[in-house]
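The structure appears right after this line, and notes come after that.
The values are calculated or read from the model by the stated rules, or taken from the named source; none is laboratory data. From a predicted model like this one, the values you see are computed outputs, not experimental measurements. FYI the Cβ positions are ideal-geometry reconstructions off the backbone, even for glycines, and counts take in every protein chain you see. Areas reflect the complete protein model, heavy atoms only, side chains present, ligands, DNA and RNA absent. Shrake-Rupley method; radii C 1.70, N 1.55, O 1.52, S 1.80 Å.
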Amino acid sequence: MLKVSGLNAGYGSVNILWDIEFTVDDGQIAAILGGNGAGKTTMVRSITGMIRPSSGSVLFDNEELCQKNSRYILNKGIVQVPEGRQLFTEMTVLENLEMGAFNKVTKEHFQTNLKKAYGWFPKLEERAKQAAGTLSGGEQQMVAVARALIGEPKLLILDEPSLGLAPNIVDDILRVASDMAKNDGISVLLVEQDITKALACADIGYVIENGKVALSGTAEELQANEHVKKAYLGI
Ligand code: ATP
């Protein structure tokens, strides 16, 4: 489904990503792992068209998306849950979810998708009329994920969903991501610093260090890898 190869990108004259290669198959959860400043967010921005890579390929459903704009990429089904959620805090939960229906098709499907989103996160239905900014951090993350789902993603990108949340909330969010991948065939690109949690739900993972893919493998292989254990899992 997604095949990234030879991707180089950065800001101005500073290169951050060096020859990045990875793939995500249909219905797969792929974890992009790495510490602060490794280049994970830059990679997400390159895939979603927020920054223009200097070279490389982002092949999605056999179409080259590298150098396309973010609107075009969104319409192709790559939908991101941004780091820090970026909700409209003065607007209600329902109004935020309505923002997820960004084109004609998703507007027509809104009621069906809203029902589905409420099925995944029942709390949001109870809070539909509440201002999003008054929700707890975990509930806000649920709104951000639900809003992305209303955009009918083929590939959902979750950028650091665990940031600032209690472990049990993170588990809830990742459980929904697993359900979506298994039951709805949505591929998930999970960008995470919490490597333990990410590998517990991912099929495969890529460890990014200094803007390069330092390691890749199945979740089991990475969990057993000595470098991963020492550098990231503290064991
Ligand atoms: P974190 O987990 O801390 O968000 P990350 O792995 O997502 O880190 P990036 O945000 O991609 O890392 O940052 C990679 C490098 O790119 C860092 O050295 C950062 O300073 C630099 N960088 C990020 N955004 C910009 C920008 N807008 N302009 C210039 N440099 C940037």
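What to note about this one:
- Taking every residue in the range 65-85 that is outside any loop (DSSP other than H, G, I, E, B) and pairing it with any residue that is open to solvent by 70 Å² or more (accessible area, probe 1.4 Å), at least 6 positions away or on another chain, the pairs with Cβ-Cβ distances below 7 Å are 70/50.
- Test result for residue 231, assigned to a helix (DSSP H, G or I) and under 18 Å from the mean Cα position of the chain (by Cα): no
- Taken over the range 32-49, the residue count meeting the criterion of being more than 6 Å from the ligand (Cβ to nearest atom) and either over 11 Å from residue 70 (Cα atoms) or in a helix (DSSP H, G or I) (or both) is 8.
- Residues satisfying the stated conditions in the range 1-27, i.e. outside any strand (DSSP E or B) and under 19 Å from the mean Cα position of the chain (by Cα): 1, 25, 26, 27
- Residues of the range 161-194 that are in contact (Cβ under 8 Å) with a residue 40 or more places away in the chain, part of a loop (DSSP other than H, G, I, E, B) and open to solvent by 10 Å² or more (accessible area, probe 1.4 Å): 163, 185, 186, 193.
- Within the range 117-163, the set of residues being β-branched (Val, Ile, Thr) and more than 16 Å from the ligand (Cβ to nearest atom) comprises 134, 143, 145, 150.
- Scanning the range 1-21 for residues that are within 16 Å of the ligand (Cβ to nearest atom), out of contact with any Leu (no Cβ under 8 Å at 6 or more places or on another chain) and within 19 Å of residue 214 (Cα to Cα) turns up 15, 16, 18.
- Scanning the range 90-110 for residues that are over 20 Å from the mean Cα position of the chain (by Cα), within 13 Å of the ligand (Cβ to nearest atom) and among the aromatic types (Phe, Trp, Tyr) turns up nothing.
- Considering residues of the range 7-34 that are touching a strand residue (DSSP E or B) at 6+ places or on another chain (Cβ under 8 Å) and over 25 Å from residue 186 (Cα atoms) only, the residue most open to solvent (accessible area, probe 1.4 Å): 18
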